[in-house]
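Q: Sharing a structure, written as structure tokens. Questions coming.
The values are calculated or read from the model by the stated rules, or taken from the named source; none is laboratory data. Computed from a predicted model, the values in this text were never measured in an experiment. Every residue, glycine as well, gets a Cβ built from its backbone with ideal geometry; the counts of neighbours run over all protein chains shown.
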Amino acid sequence: MPLHVQIRVNRTLLSEIHITRAEGGTDPDDVNTYIATIGEDPTYLDIYEQEGVYYKHRYGDGAEVCVRKAIEALEPSIKT
């Protein structure tokens, strides 16, 4: 189940980050491989794989930490 994060100022959408688990499990101690993308919601895993960045995350650390790691992994591709 992918995570979808919208970044907004008031009601203005600035960006969307989409995260999916590529490999791993749901045990709290599982360290999984995730793929993150910026922009429109990818509809297929192939799009995540082609356009996304890979990173590792321990499942038990929760969604917020997963999102922070995604932002860090995407940082070189985020326009400033």
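Q: Which count do you get for residues in segment 32-53 that are closer than 19 Å to S15 by Cα, in contact (Cβ under 8 Å) with a residue 12 or more places away in the chain and either in a helix (DSSP H, G or I) or out of contact with any helix residue (DSSP H, G or I) (no Cβ under 7 Å at 6 or more places or on another chain) (or both)?
A: So the answer is 6.
Q: Hey, another quick one. So L3 passes all but one of these: (1) over 10 Å from the mean Cα position of the chain (by Cα); (2) under 19 Å from E75 (Cβ atoms). Which condition number does it fail?
A: Going through (1) over 10 Å from the mean Cα position of the chain (by Cα); (2) under 19 Å from E75 (Cβ atoms) one by one, L3 breaks only (1).
Q: Among the listed residues P28, P76, identify the single one that is surrounded by fewer than 12 Cβ atoms within 10 Å (Cβ to Cβ) and at pLDDT below 95.
A: P76
Q: Still on this structure: So, D46, is that one at pLDDT 95 or above, farther than 18 Å from V67 by Cβ, surrounded by fewer than 11 Cβ atoms within 10 Å (Cβ to Cβ) and not aliphatic (A, V, I, L, M) or not?
A: Considered against the rule, which asks whether it is at pLDDT 95 or above, farther than 18 Å from V67 by Cβ, surrounded by fewer than 11 Cβ atoms within 10 Å (Cβ to Cβ) and not aliphatic (A, V, I, L, M), D46 comes out as no.
Q: Which of the residues that make up segment 54-80 are in a helix (DSSP H, G or I) and of a type in the set (A, V, I, L, M)? Break it down into steps so the answer makes sense when it comes.
A: Step one: list which residues in segment 54-80 are in a helix (DSSP H, G or I), which gives 59-61, 63-77.
Answer for segment 54-80, where residues must be in a helix (DSSP H, G or I) and of a type in the set (A, V, I, L, M): A63, V65, V67, A70, I71, A73, L74.
Q: Next question. Before we move on, is I71 under 14 Å from H4 (Cα atoms), in contact with a helix residue (DSSP H, G or I) (Cβ under 7 Å, 6 or more places away or on another chain) and not hydroxyl-bearing (S, T, Y)? Explain how you work it out, then say what you get.
A: On the way: under 14 Å from H4 (Cα atoms): yes; in contact with a helix residue (DSSP H, G or I) (Cβ under 7 Å, 6 or more places away or on another chain): no; not hydroxyl-bearing (S, T, Y): yes.
Against the criterion (under 14 Å from H4 (Cα atoms), in contact with a helix residue (DSSP H, G or I) (Cβ under 7 Å, 6 or more places away or on another chain) and not hydroxyl-bearing (S, T, Y)), I71 does not qualify.
Q: For segment 3-14, which residues satisfy the criterion of being exposed (fewer than 15 other Cβ atoms within 10 Å of the Cβ) and either touching a residue at least 60 places away in the same chain (Cβ under 8 Å) or not hydroxyl-bearing (S, T, Y) (or both)?
A: Listed by number, the residues that qualify are H4, Q6, I7, R8, V9, N10, R11, L13, L14.
Q: Need pairs with beta-carbon distance below 6 Å; first residue under 14 Å from T33 (Cα atoms) and within segment 59-80, second modelled with pLDDT of 95 or more and of a type in the set (F, W, Y); sequence gap 6+ or separate chains.
A: K69/Y55; A73/Y55
Q: In segment 12-24, is there at least one residue being touching a strand residue (DSSP E or B) at 6+ places or on another chain (Cβ under 9 Å) and outside any strand (DSSP E or B)?
A: Quick first cut of segment 12-24, residues touching a strand residue (DSSP E or B) at 6+ places or on another chain (Cβ under 9 Å) only: 13-24.
Checking which are outside any strand (DSSP E or B) leaves us with 24.
Within segment 12-24 (the criterion being touching a strand residue (DSSP E or B) at 6+ places or on another chain (Cβ under 9 Å) and outside any strand (DSSP E or B)), the answer is yes, since at least one residue qualifies.
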